[in-house]
Every structure is written in C-alpha cells, then in structure tokens.
Amino acid sequence: MRGGDERTDGNPTRLSTFEEHAVVYAAVIKSALDSVVVVDEDGLVVTINPAAEATFGYSHEEAVGREIGSLIVPEHMRAEHSNGMARYKATRAPHVLGRRVEMDALCKDGRIIPVELAITEVNLPSGRLFTANLRDLSSARAAAAEIERQRDALYQNEKLSAIGSLLAGIAHELNNPLSIVLGQAGLLRGEIEAGVQTQEAAERAAKIETAAQRCARVIRSFLAIARQRKAEKRAVAIAPLLNASIELVLYGLKSSGIVVERDYAIDLPEAFADPDQVQNVVVNLLVNAMQALDQREGPRRIRISAFEADGMLTIAVADNGPGIPATIAQRIFDPFFTTKPEGMGTGIGLSISRGLAEAQGGALTLRDTAEGAAFELTLPLATAAISEGLDDANAGSAGAHVGERTPTAIVVDDEIEIAMLMAESLRRAGYHCEVASSGRDAQAIISEKAGDFDAVVCDLRMPDIDGQALFRWIGAHHPSLVERTVFVTGDSLGPAAGRFLAESRRPVLEKPFSAEDLVRLVTRATSRQI
C-alpha cells in the first residue's frame, strides 16, 4: 500500500491536486457556451467541447487527432496558419496568444462562418497545450446587418415624407421655368421663320438657357434628396449648396409668406463632406422651420448663415417661430419624438440629421436664441481643395487629341434628338462623332471600327440592348474601350442603375446637363488614356 494513495475503508482513491485540477478544467471546457478546441504543440486536436461539435459539425471522435489547420481553418488561410505555428515554435514569440481576433472558420459542411478567436497557452508536465476559444459571430453579424437595414429603411421613410411635402413646390418650380422655355422657344422659332435676326432673338435664347438651367438645378436638388447610395465625402462649396437647398423649398416659403435672409459669402471655405447628405440636413431644417412658422401670426422669417470658426464650417438655420420649450429641448434629437400634429412627420428627421452630421465628422446642435429656434450644423473644413485646373483647361480646348488626329467618339442614345445634341456639342469641341440610336446599332458600328474610337458615350436605359448590356459586350469583345466609356442617364434613382454604376466605376452624367458638362466628362475619360 502506498501512503495516501489508497484507503482501507473501501472509499475511492483520493485524487491528487493535479488530477483534481484536470477534472475541473475538463468540466469547465465541457460546459462552456462558446466553442473550445484544445490542441497540442503539433497542432493536433486533443479535445473539443459540445459547443464546438454543434458549431462546426464534427463529433468528438471525428475531431480528436486531426490537425487543426485541416479541420476548421479555411483553405485560403492555411498557409498563414502554418507559418504562424512554425514561427511560434522557432521563436516562442506569440502573435495571437492572449488577444481577441476576428477571422473566418470552416465548418464540416463547407460553410465559412465569422468567429472571434482567443488562444491561451496551458503548461502541463507532459507539454504545452493551446486552448482556442471560438465564438460564432454569425448571429451578431446578422443582427447588426438587420439593424443597419432597418435604420436605412427609417431614413428612406423620413426622406419620402420630406419629398412628399416638397412635391407641390417642386412642380411649381419646374412649371414656371418650363413655361418660359416653351413660350420663348415659340417666339424665337417665329422670328427665325420670319427671317428676323435681331439682338432680341439672342436674348430669347439666353432666357431659354437660364430657365432650363433652373429646371436642371431643381431636378438635381430633388435627386440629391431622393437617391440612395453610400456617402462620398469630398470638398464641397457650401454657398451653392445652400442656394440649391433654398431653391428646392422656395415655393413653400413664398406661399407661406416667409422671408428668407441669406447671410453667407459666396467664397466660403470648402467643407469636407458628402454634399447630398449635407443638403438633406439643410432641407430638413428648412422644412422644420417652415412648419414651425405656420403657428406664427405676423412677419415670418428664416435666416440662413454660414461662417468659419475654430477650424470648422458652421451653417445656422434660425426662425422667428414659437421656439422650442426648455422642457423638451433635450429630447428633440431623440428618435420618434415630435411636437408636430399627427401626419406631419415621423419624428426621426432631426435624429437622422444629427446622425448624418456626425457621419461627416461634424455635429448638429440646438442653439439658444432670444426668439424662435436656431440649429447649427458644423462640418470639417476640406484639408485640400479639389483642383480641376487641368481638366477645365482640357475641357475648354478642342478635346483630348490623340497624337495628331482628331479624337473620335460614338454617342449612343435611343432619344435621337438627345444623341444628335450630344454629338453636336462634342463636334464643336473638336471631336469626330458617330451616332447610334440603339445598343444594337452601336455594336455594329463598334465592331466595324472599334480601334477608331477614343470615347463611348452611352445612355443607361434603352430598349433592346441597354447601356449595361452594351458595356458588358464592350468588355467581352473590345476591352480597350471599357476605360473610355462614360454614361448619361435620367434614371439615377433606379436601384438597378445605381448598383451597376457603382460596380462599373465609370463616370456618369445625369440628365439634364449642359454641353460644357458633357465635353468636360468625355475629355477627362479620353485624356486618361493618352
């Protein structure tokens, strides 16, 4: 009998302290909710717990003795895993030990799942073991994606609510200049038919152009509010953006008898932000101010100011309405909190606007004021202005000349009048142009003389073979033209169009556009290929 190892009263042999610890360790691993995989110094699996069996699909018997790299490490990561094991054996310098890292893991059925991995080292008399704790992140990632989807849905609902309140004003703002276009065009046609060449005819043409540009500005502002896309920060000129925001709600302001005071310089420093999102915030603040002023008797006023302070650019929108009581001032940015009558809003406009401001690296705050309410939107200044000097110089020249020959473009649009207009604009800039009224005609022309084209200008939506299909055909049959292709479209709100433009990464010009805009875009595309 060995002292202390056995007892004569028939009770079981008492475990040593080490054996007790081993039993406790095994029990902890078995009961853990996260997956636990224990491997030895050679990377062979010693044991796995039930959670790991459920997560990865292997039974305990299937896993034990297998090399961990071939068991749960995805194929594209196995070389890195093997190198890491070899490096640790050679240097004993830990790389992932004691840290939490996120990575992909392979299941028995071939699925790749995201996991959080933490590895600890266990020293035993018989050697070292490594305990890998793995937490399946699939549910957490799915929940985060759903939260993001719902947030985007709320954002879109709020935008639709704002758009609905703006539609009447937008229709008015479009109908007025369109009436000018139609009326002046009719008078101009009459003068031309009568053979009258006067200064008055030139003035009529200028009025038509001004009215059409006004329509284009309203449409672009509306699209900026309505479109769905990821944020794209860049240097933004603030004064034109504020002018466009005011123009979008101008009908509502005038019909409500609201005087707009503009207190900002045209040469304000540029902000670094997404212009569409900034305009969303400004328009929302203007709409809120308009609705607040509905409750006021007497003069109604909205003051918009912008200035630089403390390295930031601040936009302030203030009204002389009833103001916001101190008792609710702290709650106005809370989601779904609103003081508006039922049907006047969802209560998430200010919450979303604050989120958009913070996404730009700025803030949206309520400012104390003697009367009414005042909101301040702060934005970071652009660290460097976007220089377009070279592009503008090229755009003003005769186009992107290749060698000594005249550059050639093919214009594709099923609206033949638009196609001819684009072709004429490019010809005046020094291009030779072919015109195709369908994607099928364009395929025939390109197949015949693909090497002659320096640019392809294509409408996105066309019957039969549309811009997307034509672009894919060009990529398959004439890949050298892919980087020379630019798009024009009046369908930037369509989800399919948005996805395609994001995937193709090709320049796009939204209709309506000026001849200068078209020439500038085509010149940039061709000049990069010289």
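Just so you know, all these numbers are worked out from the coordinates, no wet-lab data involved. Please read these numbers as outputs of a predicted model, since none were measured by experiment. Quick reminder, even Gly has a Cβ in these numbers, built from the backbone with ideal geometry, and neighbours come from all protein chains shown.
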The long-range amide H neighbours of Leu313, using H built 1.01 Å from N in the peptide plane and a cut-off of under 5 Å, are Leu379, Leu381
Listing Ser351, Ser82 by rising number of other beta-carbon atoms within 10 angstrom, fewest first, gives Ser82, Ser351
If Lys and Arg each add +1 and Asp and Glu each add -1, what is the summed charge of the other residues whose beta carbon sits under 10 Å from the beta carbon of Ser514?
-2
Rounded to the nearest 5, what is the percent of antiparallel bridges among the DSSP beta bridges in segment 396-527?
5 percent
Per-residue Cβ neighbour rank within 10 angstrom, fewest leading, Tyr264, Tyr431, Tyr251:
Tyr264, Tyr251, Tyr431
Can you figure out the FRET efficiency of Asp263 with Glu121, using R₀ = 51 Å and their beta-carbon distance, to the nearest 0.05?
0.20
Which length gain, in nm to one decimal place, applies between Arg128 and Val64 when the Cα-Cα distance is subtracted from 0.36 nm times their residue separation?
21.4 nm
Got a sec to turn the phi values of segment 454-459 into Karplus ³J(HN,Hα) couplings, 6.51 cos²θ - 1.76 cosθ + 1.60 with θ = phi - 60°, whole Hz, x for Gly and Pro?
9, 7, 10, 10, 10, 6
I need the phi-derived Karplus couplings for segment 325-333: 6.51 cos²θ - 1.76 cosθ + 1.60, θ = phi - 60°, integer Hz, Gly and Pro marked x.
x, 4, 5, 10, 4, 6, 10, 5, 8
Which net charge results for the neighbourhood of Phe307, defined as the other residues with beta-carbon distances under 11 angstrom from its beta-carbon, given Lys and Arg at +1 and Asp and Glu at -1?
-4
Collect residues whose amide H, placed 1.01 Å from N in the peptide plane, falls under 5 Å from the amide H of Ala105; neighbours closer than 5 in sequence don't count.
Ile113, Val115
Given the Cα-Cα distance of Asn243 and Ser480 and 0.36 nm per residue of separation, how much length would full extension add, in nm?
81.2 nm
Using θ = phi - 60° and the Karplus curve 6.51 cos²θ - 1.76 cosθ + 1.60, what whole-Hz ³J(HN,Hα) does each residue of segment 108-113 get, with Gly and Pro shown as x?
4, 7, x, 5, 9, 10
Tell me which trypsin sites (Lys or Arg not before Pro) from segment 68-143 have a DSSP coil assignment and no more than 10 other beta carbons within 10 Å of their own.
Arg92, Arg99
Neighbouring Cβ atoms within 10 Å as the yardstick, rank Thr406, Thr47 fewest first.
Thr406, Thr47
Beta bridge orientation in segment 17-136: antiparallel %, DSSP, nearest 5:
95 percent
